[in-house]
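Since the structure comes first, as C-alpha cells, the remarks are kept for the end.
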Amino acid sequence: MRSSKLFIAVALGALMASAAFAATPGSSTVSTASSPSWQGKTFLVSNPSSLATGIVGEGNVDCGDGVSYSLNPACDIFQLTVVPPLSGLYLVEIGIQAAGASDDFDLYVYDAGGNLVGVSATDSGNESVALSQLPAGTYQVVVGAWLVGVGSTYSASARINTNVTQEQVARTYRATPVGPDFQGVPRNVSAGNKGQALKVRSTYVGREAAEPTVGINKKGTAFYIAGAFDAVPEPSPTSTARSVTLRSRDGGQTWQPIQPNLPALTTEFPTSLDPYLVLDGDTGRLFSIDLYAACAYLLYSDDEGVTWQRNPLMCGGDVINDHQKIVVGNPPPGITTVGYPHVIYYCFNRVADSSCARSDNGGVTFLPTGAPAYLGADGGVCGGLHGEPATDSAGRIFVPKGHCGFPWVSISEDGGASWTRVQVSTIPTADTEVNAAVDAAGNVYVTWFDDTNRLPYVAVSRDHGRTWGTPLMVAPPGVLETNFPAITAGDAGRIALTFPGNSTPARGDLRRPWNSYVIVSTNALDAQPLFTWTTANNPADPIHRGNCGPGRCAGMYDFLDITSSARDGSIWATAVDTCTGGCVTGTAPADAMDGVAIRQTSGPSLWAKRKRD
C-alpha cells in the first residue's frame with residue numbers, strides 16, 4: 001500500500017513538473033522582426049481535473065487563476081518576451097489552434113506580477129487575444145485544457161501588428177465621480193490604449209423589433225423577442241403590434257422564429273402592447289410575455305421553444321397593466337417554491353402605483369405580493385412607470401425607478417410583502433427608465449441619465465441598497481448625449497452597459513448621428529473605475545439621426561437590453577437600427593426599426609474566471 005502511494009506521489013510530481021514550460025520551445029521573443037510559434041504539450045487531463053483537485057484540494061486549481069495554474073497538469077505555460085516598437089499604435093496578437101476539432105482550450109496572458117492582462121475563454125479550441133500597447137517585458141502565456149481528450153495538443157503563435165487603426169486598439173477611460181460639490185458638465189477623457197480591446201459583432205435578426213430583450217442559456221443558445229406592427233391575419237390595422245420570439249444556435253449569426261402558432265394562421269398571442277423576454281440562466285427556462293389590454297399573457301419553455309406552457313392571466317388579478325417587467329430570483333427566507341427552484345416576479349405600471357405579482361411555482365400561477373413598490377402620487381404626480389428590476393442571491397428584489405424626477409430603488413426582503421424605498425442620488429433623471437443589476441458578491445448597481453445633459457450615470461450600493469456611493473458619469477470620451485442606458489453585472493465589480501449616444505452638440509440638428517455604445521468595467525467598485533468601450537455599429541452607418549428621447553426614441557421605443565451569456569459570460573445586448581436607406585447619408589428621416597443583436601467576441605469579461613455547470 002505504501003509503495004503504491006509513493007508511486008502515485010511520484011507520478012503526480014512528474015505531471016506537475018510537466019505542467020510548467022512544457023511547450024516546445026518553452027520561451028521566445030516577439031518583436032516587429034520576430035513572430036514566434038510553438039507547439040503545446042500533450043495533455044492527459046482537462047481543467048479542473050480530479051487529479052489536480054487531489055493535489056490542491058476543493059477543486060480550486062484553475063488555469064485562469066494566477067496563483068495555481070503552474071501546479072495544474074491541465075495547464076501549459078509559455079514565456080513570451082515582448083519587445084514593442086518605439087512609437088505608434090500596435091497590437092500584440094497571440095493565438096492558439098486546437099489539433100482536435102472537438103477540443104476546448106482557453107487562453108490566458110499574465111504579466112510578470114501575476115496580473116491577468118488578456119483572456120479568451122470561449123467554447124472553442126481556437127482562441128486569440130489582441131493586447132494593445134502591451135509594455136515591454138516577459139509574459140506567461142497559459143493555455144488551459146478546459147475539455148479535451150487524452151493526448152490532445154495545440155499550436156500557437158504570436159506577432160506584433162503595427163498596421164492598426166484607433167478603432168482596433170483598446171479604448172479606455174476612467175469614469176468621473178460627480179458628488180454634490182461638482183461644478184460644470186462632467187466629461188470623461190481617454191486613459192490610453194493599453195489592454196485588451198472590447199470587440200462585438202452585430203447582426204440583424206431579420207425582423208423589426210421595438211423594445212427588444214435577449215437571453216442566452218448554458219448551451220449558448222440565444223433568444224430575442226422582436227415586436228413589430230404586423231399583426232396577422234391580413235388585413236389588419238397597421239397600428240396593431242405582434243411579438244415573435246427568435247432563437248439562434250450559432251452565436252447570433254442567424255435567427256429563426258419559435259413563437260407558437262394559433263389555428264387562425266397567426267401567432268400566440270395574436271397582438272401585443274409590450275413584448276418582454278427573460279431567460280433563467282440556472283434552469284434554462286425561457287419566459288416570453290405579451291401585454292394585452294387588461295393583463296399579460298405568459299409563454300414559457302424548458303426545451304428552447306420546441307414546446308410551450310402558457311398562463312393567460314400572469315398579472316395575478318391586477319387588471320390594469322403597462323410597461324411590464326419580469327425577473328427571476330432565489331426565494332427569500334420564509335417562502336417555499338413548488339416544482340421550480342426560483343420565484344418569478346412580474347412588476348408593472350398601474351399609473352396609481354408600481355406593483356408586483358409573484359409566482360412560487362415556475363410561472364403556473366401568480367398572486368399579488370402585497371404593498372406596491374411605489375405610489376404614483378408621492379408628493380406630486382410621479383406615475384408608476386419603472387425600470388428593469390434585479391434580484392440578489394439572498395432573495396431580495398430591487399425595483400428601480402425614475403421617481404418624481406430622481407433615481408430611486410424600492411427593496412423587498414420578504415417576497416414583495418413590504419418595501420423600503422431609497423433615493424439613489426440627487427442628480428435628476430430624464431426618464432422613468434432607471435435600471436438595476438446585482439453582481440455575484442451582492443453589490444447593487446443603478447443606472448440612469450440626467451435631465452439636463454442626458455449623460456449616463458452609475459451608482460453602487462455595497463449594503464444591499466440601503467446607502468449609495470458617489471454617482472459616476474460613465475459616457476465614453478466625446479459622447480455628449482445618451483438615452484435609456486441598460487446595465488448588467490457579473491462577478492464582483494464587473495459591469496457592462498449599452499445605450500444610444502451621440503457626439504454632436506447641436507440638439508436641434510435633425511441629421512446628427514447616433515451610435516450604439518457598449519462599455520464594460522472590471523473594477524467598478526473602485527472610486528474611479530476604468531471602462532473599455534466600443535460602438536456596435538460602424539459610425540459611418542449610424543443607428544439613428546436627429547433627436548432621440550429623452551425616453552422614447554423612434555422605432556427603438558422605450559428601452560433596450562443587455563445581459564451576459566450563462567455559458568461563457570460574454571456580453572450580449574440589443575439595438576434597433578432606425579436609420580436605413582437614405583437616412584445613412586442624412587438624406588431621409590430615421591423611420592426604420594430593424595432589430596439588432598450584439599454579441600461580445602473578445603475583450604474584458606464579466607466573469608473573473610470561467611465557470612462550470
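The values are calculated or read from the model by the stated rules, or taken from the named source; none is laboratory data. All of these numbers come straight from a predicted model, not from anything done at the bench. Ideal geometry is used to build each Cβ from the backbone, glycine not excepted, and the neighbour counts take in all protein chains shown.
Select, from P270, P186, the only residue that is over 22 Å from the mean Cα position of the chain (by Cα) and under 23 Å from T482 (Cβ atoms).
P186
Can you tell me which residue in the stretch 546-574 is farthest from Q256 (Cα to Cα), limited to those that are out of contact with any Asp or Glu (no Cβ under 9 Å at 6 or more places or on another chain) and among the hydrophobic types (A, V, I, L, M, F, W, C)?
For the stretch 546-574, the residue satisfying everything is C553.
Scan the stretch 474-513 residue by residue and report those that are surrounded by fewer than 20 Cβ atoms within 10 Å (Cβ to Cβ), touching a residue at least 24 places away in the same chain (Cβ under 8 Å) and under 22 Å from R552 (Cβ atoms).
Passing the criteria: L480, S503, T504, R507, D509, L510, R511.
Looking at T203, T245, which is the one that is within 26 Å of D322 (Cα to Cα) and either at pLDDT below 95 or not in a loop (DSSP other than H, G, I, E, B) (or both)?
Going through T203, T245 in turn, the sole match is T245.
Looking at the stretch 129-139, which of its residues are small (G, A, S) and surrounded by 17 or more Cβ atoms within 10 Å (Cβ to Cβ)?
Scanning the stretch 129-139 gives A130, S132.
When you check H464 against the structure, is it closer than 27 Å to A357 by Cα and touching a residue at least 40 places away in the same chain (Cβ under 8 Å), yes or no?
So H464 fits the description; yes.
Give the residues of the stretch 293-325 that are of a type outside the set (D, E, K, R), under 12 Å from S355 (Cα atoms) and at pLDDT 80 or above, sorted by residue number.
Passing the criteria: H323, Q324.
So S28 fits all but one of (1) at pLDDT 90 or above; (2) under 15 Å from A145 (Cα atoms); (3) not in a loop (DSSP other than H, G, I, E, B); what number is the exception?
Going through (1) at pLDDT 90 or above; (2) under 15 Å from A145 (Cα atoms); (3) not in a loop (DSSP other than H, G, I, E, B) one by one, S28 breaks only (2).
Out of (1) part of a loop (DSSP other than H, G, I, E, B); (2) closer than 17 Å to V444 by Cβ, what's the single condition that is false for P372?
Failed condition: (2).
Restricting to the stretch 107-123, what's the tally of residues that are assigned to a loop (DSSP other than H, G, I, E, B) and in contact (Cβ under 8 Å) with a residue 12 or more places away in the chain?
Selection size over the stretch 107-123: 7.
Looking only at the stretch 74-83, decide whether some residue is outside any loop (DSSP other than H, G, I, E, B) and surrounded by fewer than 18 Cβ atoms within 10 Å (Cβ to Cβ).
There is at least one residue in the stretch 74-83 that is outside any loop (DSSP other than H, G, I, E, B) and surrounded by fewer than 18 Cβ atoms within 10 Å (Cβ to Cβ).
Taking the options D463, D439, D491, D450, name whichever one is in contact with a strand residue (DSSP E or B) (Cβ under 7 Å, 6 or more places away or on another chain) and more than 23 Å from N547 (Cα to Cα).
Sole residue among the options that is in contact with a strand residue (DSSP E or B) (Cβ under 7 Å, 6 or more places away or on another chain) and more than 23 Å from N547 (Cα to Cα): D439.
Evaluate the stretch 142-149: report whether one residue or more is surrounded by fewer than 21 Cβ atoms within 10 Å (Cβ to Cβ), farther than 30 Å from L480 by Cα and in the same structural domain as G100 (by TED's automatic domain parsing).
Taking every residue of the stretch 142-149 in turn, at least one turns out to be surrounded by fewer than 21 Cβ atoms within 10 Å (Cβ to Cβ), farther than 30 Å from L480 by Cα and in the same structural domain as G100 (by TED's automatic domain parsing).
Which of the numbered conditions does Q183 fail, given that it passes all the others? Conditions: (1) surrounded by fewer than 19 Cβ atoms within 10 Å (Cβ to Cβ); (2) in contact (Cβ under 8 Å) with a residue 12 or more places away in the chain; (3) out of contact with any Gly (no Cβ under 8 Å at 6 or more places or on another chain).
Failed condition: (2).
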